[in-house]
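So the structure is just underneath, and the comments pick up after that.
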Amino acid sequence: MALPTRPPRLAPAPGGETATTSGHWLMLAGVLIFTAASLACALAPDSQALIGFRLIQGAGAAVLVPQVFSIIQLNFTGPARARALSAYAAVLSAGAVAGLMLGGVVVTADLFGTGWRPVFAINVPVGIVLAAAVPRLVPPDGASSAETSAGRAKQLDLAGLAAAACAVLLIVLPLVLGPGEGWPAWCFGCMAAGAVLAAGFVLVERRVAARGGDPLLNLAVLRAPALPSGLATLAAMQIGYGGLLFAFTLHLQAGLGESALRAGLSYLPMAAVFGLAGYNWRRLPAAARRVLVPAGLAVSTLAYLSLAAGLHTGAGALTWTGLAVAGLGLGLSVSPLLTQSLTHVPPARAADASGLLTTTVQLGQLLGVAALGSVYLSRAAGSGSSATGRAAASAVAMSGTACWLAALSVAGLLAAAVMVRAARGR
């Protein structure tokens, strides 16, 4: 799918320089940081260095991913925007499943005796190709975000940045470490402090905007109809999605004793259905497309209930059918969700909406891993040392976790119904 042709070059900015795109260069910077960090991860001498390089890798991804939404929002309109968002959602979400499969293949292959290292090294040639392609294929989106329409330099919102970074750290850290530590009191104290800082971040951003400054996140974007309810729907979906991938992988490997390769390949039907549905939903009639997000979440609910029943009764066909149908429900939901959420977002707020969407995806998946992973692990505990006992306890634990996945889909369905009405202007 070709991007639109480059718009005419802008007139020189007041400082005498021709304004360049922010998203264009930020995307390239994100690719380069992520690629370099991936190479460093592959060469990491120990676990401490690996953790540090992974932190840099995450920072590169945080710079890169929001630019994609912004570029789509600024350079596509109407059906073309829907197609672009469909392609993006299909690649982003199916890529998470494909990563599990490819990771299993690479780890099992143990290429040249390097173990897990090629999992990171595989990003390097892809990143080099992408870095070469960005300047040629990604069009400038107009004036640089370093300048306003009046020509003044934008000022970095350091107070907002500090509040947001600390709030996310205080919330994310206990979610990552809490399950392994048995949820000590400090975890809940950190999350409470993070919530307070998040509220402080909102106050800081409002104050910066009120005095005519440049907030890190312009909260006015939340006035766009369909975006708040779309974010709620996306959060429910991503919590379930992250929890499903994590818990079911634990079930396959820790519970059933499957290899990394076998566990990864188990997601192949889900990934295939996900990708096909995520890109081809636009072929449906217009009336069906308008209600596709709630319909897809209804399909996901039935899929998770089928998965729970299959695991509880030992019906293998029902289990694997449920997993594939879950891919169908997600594929039908994610792409139209992004399209409808952004329907009324003005181009000037594209970057703010992009940041909110990508943050919701990442934090939602992390919350799913932490919360639903804890549900699975607590139910699977005390299964005994025999393989049969572990498999039976794991199946029961995963069945209960699938019921929580169904409940999350119902919550997402209710939020999606609100979003659909808002997107249609009612």
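Remarks
- For Arg424, the conditions (1) in contact with a Lys or Arg (Cβ under 8 Å, 6 or more places away or on another chain); (2) crowded, with 18+ Cβ neighbours inside 10 Å; (3) more than 17 Å from Gly314 (Cβ to Cβ) are fulfilled apart from (2).
- Residues being touching a residue at least 12 places away in the same chain (Cβ under 8 Å), part of a helix (DSSP H, G or I) and surrounded by fewer than 19 Cβ atoms within 10 Å (Cβ to Cβ) are represented in region 330-347 by at least one member.
- Selected residue (only one of Ser399, Ser374 is of a type outside the set (Val, Ile, Thr) and open to solvent by 20 Å² or more (accessible area, probe 1.4 Å)): Ser374
Yes/no per residue for (1) farther than 29 Å from Leu173 by Cα; (2) basic (Lys, Arg); (3) at pLDDT 85 or above:
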| position | (1), (2), (3) |
| --- | --- |
| Leu276 | yes, no, no |
| Pro285 | yes, no, yes |
| Val291 | yes, no, yes |
| Ser300 | yes, no, yes |
| Leu318 | yes, no, yes |
| Leu323 | yes, no, yes |
| Gly327 | yes, no, yes |
| Thr358 | no, no, no |
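- Selection status of Leu175, surrounded by 12 or more Cβ atoms within 10 Å (Cβ to Cβ) and at pLDDT 85 or above: no
- Elements of type helices (runs of 4 or more DSSP H) contained in region 1-118, each with 2 or more residues being open to solvent by less than 50 Å² (accessible area, probe 1.4 Å), modelled with pLDDT under 80 and closer than 29 Å to Leu244 by Cα: 47-75, 78-109
- Of the residues making up region 246-270, those that are open to solvent by less than 20 Å² (accessible area, probe 1.4 Å), among the aliphatic types (A, V, I, L, M) and more than 20 Å from Ala381 (Cβ to Cβ) are Ala263, Met270.
- Meets criteria (open to solvent by 30 Å² or more (accessible area, probe 1.4 Å), hydroxyl-bearing (Ser, Thr, Tyr) and not in a loop (DSSP other than H, G, I, E, B)) for Tyr279: yes
Residue-wise test of (1) of a type in the set (Gly, Ala, Ser); (2) open to solvent by 30 Å² or more (accessible area, probe 1.4 Å); (3) out of contact with any Cys (no Cβ under 7 Å at 6 or more places or on another chain); (4) under 29 Å from Pro347 (Cβ atoms).
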residue: Trp183; (1), (2), (3), (4): no, yes, yes, no
residue: Glu205; (1), (2), (3), (4): no, no, yes, yes
residue: Arg211; (1), (2), (3), (4): no, yes, yes, yes
residue: Val221; (1), (2), (3), (4): no, no, yes, yes
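- Among the criteria (1) open to solvent by 10 Å² or more (accessible area, probe 1.4 Å); (2) in contact with a helix residue (DSSP H, G or I) (Cβ under 7 Å, 6 or more places away or on another chain), the one Ser386 does not fulfil is (2).
- Here Val273 clears all of (1) closer than 21 Å to Ala407 by Cβ; (2) open to solvent by 40 Å² or more (accessible area, probe 1.4 Å) except the condition numbered (1).
Here's the yes/no breakdown for (1) closer than 20 Å to Gln365 by Cα; (2) in a loop (DSSP other than H, G, I, E, B):
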residue	(1), (2)
Gly189	no, no
Gly200	no, no
Arg206	no, no
Gly212	no, yes
Leu216	no, yes
Ala232	yes, no
Tyr241	yes, no
His251	yes, no
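- Tallying residues that are modelled with pLDDT under 85 and either within 23 Å of Leu302 (Cα to Cα) or not in a helix (DSSP H, G or I) (or both) within region 377-422 yields 6.
- For the condition closer than 26 Å to Leu216 by Cα and in a helix (DSSP H, G or I), Ser374 does not qualify.
The values are calculated or read from the model by the stated rules, or taken from the named source; none is laboratory data. Note that this is a predicted model, so its numbers are computed, not measured. Please note: Cβ atoms are built from the backbone with ideal geometry, for glycine as well, and neighbour counts cover all protein chains shown. Side chains included, ligands, DNA and RNA excluded: accessible areas come from the protein's heavy atoms. Shrake-Rupley method; radii C 1.70, N 1.55, O 1.52, S 1.80 Å.
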